[in-house]
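Structure first, commentary second.
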Amino acid sequence: MIKMKTIQVAAAIMIHDSRIFATQRGCGEFKDGWEFPGGKLEPGETPQQALVREIKEELDTDIQVGRLLETVEYDYPKFHLIMYCFLCTIKSGKPVLREHEAARWLTKEELDSVDWLPADVIAVRRLKEEIKIRKGHL
C-alpha cells in the first residue's frame, strides 16, 4: 500500500459582524473552489503561528486566533490533509486579495451558497452546529 503524503494546514474561520469570510482559490488543482483562508504549516510552527503568518501574507490582515473549532482530516486523491480550523477575528486591516480570485462575507444563511472544497465542507458543517449551539449567534 502506498502511503500518501500528509499536508498540515491551518484555516481561519474569520467572523466579523456575524458574517463568515470565505475565499475562492485563484490557481492550482482546486481553482475556483471556496475555502476558509489559511495555509501550510512551516517546520517548527504551531497552527496558530501559521495562521497569523498566512493571513498576513495572503490578505494583508492581522487576526486574533481564537479557539480550535475542528480538526478536519480528509483524503484528497494525491494527499492526506490535516486542517486545523480556528475561529478568528480581525485585529487590524481589511482583507486584500493577493492570491484568491474572490471573497465573500457570508451570513449563516448563505453558508451553502458557495461551492466549498471537500475538506471545508466538513468545517462548514461543524460551524453550523456551533451556530445552533449558540442559538443562532456567532
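Since every read-out is calculated from the coordinates, none of them should be taken as a lab result. Predicted model, so just to flag it, every value in this text is computed and none were measured. When we count neighbours, we look across all protein chains shown, and the Cβ atoms used for this are built from the backbone with ideal geometry, even at glycine.
Miscellaneous remarks
- Residues whose amide H lies under 5 Å from that of G66, counting only those 5 or more places away or on a different chain, are L87, C88, T89; hydrogens are built 1.01 Å from N in the peptide plane.
- Computed over the chain: relative contact order in percent, which uses C-alpha pairs under 8 Å that are six or more apart: 32
- Total charge dipole magnitude, the stretch 5-133, about the Cα centre, Cβ charges on Lys, Arg, Asp, Glu only, Debye to nearest 20: 220
- Least to most buried among I55, I7 (fewest other Cβ within 10 Å first): I7, I55
- Order by protection proxy (mean Cβ within 10 Å, highest first), peptides 74-82, 19-27: 19-27, 74-82
- For the listed residue pairs K5/K40; K31/K56; K5/K31; K78/K132; K94/K132, the alpha carbons are over 24 angstrom apart in K78/K132; K94/K132.
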